[in-house]
Amino acid sequence: MSRIGKHPVPVPAGVDVAFEGQTVRVKGKKGELSQTLPAAVTVALEDNAVVVRPRPDHDQGRAMWGLSRTLVANMVKGVTDGFSRDLAISGVGYRAAVDGQMLTLQLGYSHDIKVAIPSDIEVKCPSPTAIQISGADRQRVGQIAAEIRSFRMPEPYKGKGIRYSDETIRRKEGKKK
């Protein structure tokens, strides 16, 4: 039994959920998201909550049950509250700035790195060494954050680079004489 899958996903007021076969569409104040769920599960709206159940005739039903429920829950949370990811930049001369739909990063290379910001993602720089990425789709927010972080990964000796704000870098001791 899936411990996560058996809990229904409550649908708050102001959120519309529609089903078209295996595709679930969720619409709220932060936008509209859709996800095609695996054929091994069934999804229905009961008592103002989305219920996901495995199909008994599918071998993968129980395996996909918790995943499908979590995907629906992330869509509902995304269109109501949204998701956010914070990045911290550390290093002398390392900084970031947002100009319209472009994020400009200065990370110690001979050139500035310019990243186009997708229309469904919002990027803010509250300070030159902090980046805040937010949006309705959890996967997109995490992917954009990972791509920005990959331009200068944090290194273990001095801790320089771009890291998640809740990430801790395991520091190594340098050379000894």
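Every number in this text was worked out from the coordinates using simple rules, so none of it is lab data. The structure presented is a predicted model; accordingly, all values stated were derived computationally and were not measured. So basically every Cβ, Gly included, is an ideal-geometry build from the backbone, and we count neighbours across all protein chains shown.
Observations on the model:
- Computed label-point distance, nm, for sites T70 and E32 using a 7 Å Cα→Cβ extension: 2.8
- Extension gain (nm, one decimal) between Q101 and D16, 0.36 nm per residue minus Cα-Cα: 27.7 nm
- Per residue, the average separation of C-alpha pairs within less than 8 Å and at least 6 apart gives the chain a relative contact order of 18 percent.
- Compared with the alpha-carbon gap, the fully stretched path from A130 to D57 is longer by 21.3 nm at 0.36 nm per residue.
- Selection from I169, V15, P38, by position along the positive dipole direction of the chain (Cβ): I169
- Computed about the Cα centre, the dipole magnitude for the chain is approximately 1120 debye when only Lys and Arg (+1) and Asp and Glu (-1) carry charge, each at its Cβ.
- In the chain, the calculated helix contribution to ellipticity at 222 nm averages -6000 deg cm²/dmol per residue, counting -39,500 (n - 2.57) for every DSSP H run with n ≥ 4.
- Bridging of K114 to aspartates and glutamates at a Cα separation below 16 Å is possible for D99, E122, E147, once same-chain residues fewer than 8 apart are set aside.
- Candidate aspartates and glutamates - alpha carbon under 20 Å from K158, same-chain residues fewer than 8 apart omitted: D166, E167, E173
- Multiplying the residue separation of D112 and M153 by 0.36 nm and removing their Cα-Cα distance gives an extension gain of 13.2 nm.
- Coil-residue trypsin sites (Lys or Arg not before Pro) of the stretch 1-61, DSSP, other Cβ within 10 Å capped at 12: R3, K29
- Candidates per chymotrypsin sites (Phe, Trp or Tyr not before Pro) in the stretch 106-177, loop by DSSP, up to 14 other Cβ within 10 Å: Y109, F151, Y157
- Under the combined filter of DSSP loop state and at most 14 neighbouring Cβ atoms within 10 Å, the stretch 101-161 retains these trypsin sites (Lys or Arg not before Pro): K158.
- Two-site FRET efficiency, T23 against K177, from Cβ-Cβ distance with R₀ of 45 Å, rounded to 0.05: 0.10
- For the stretch 1-36 versus the stretch 96-142, the spacing of their alpha-carbon centroids is 29 Å.
- The modelled label-to-label distance for the pair E122/A88, using points 7 Å beyond Cα in the direction of Cβ, is 2.4 nm.
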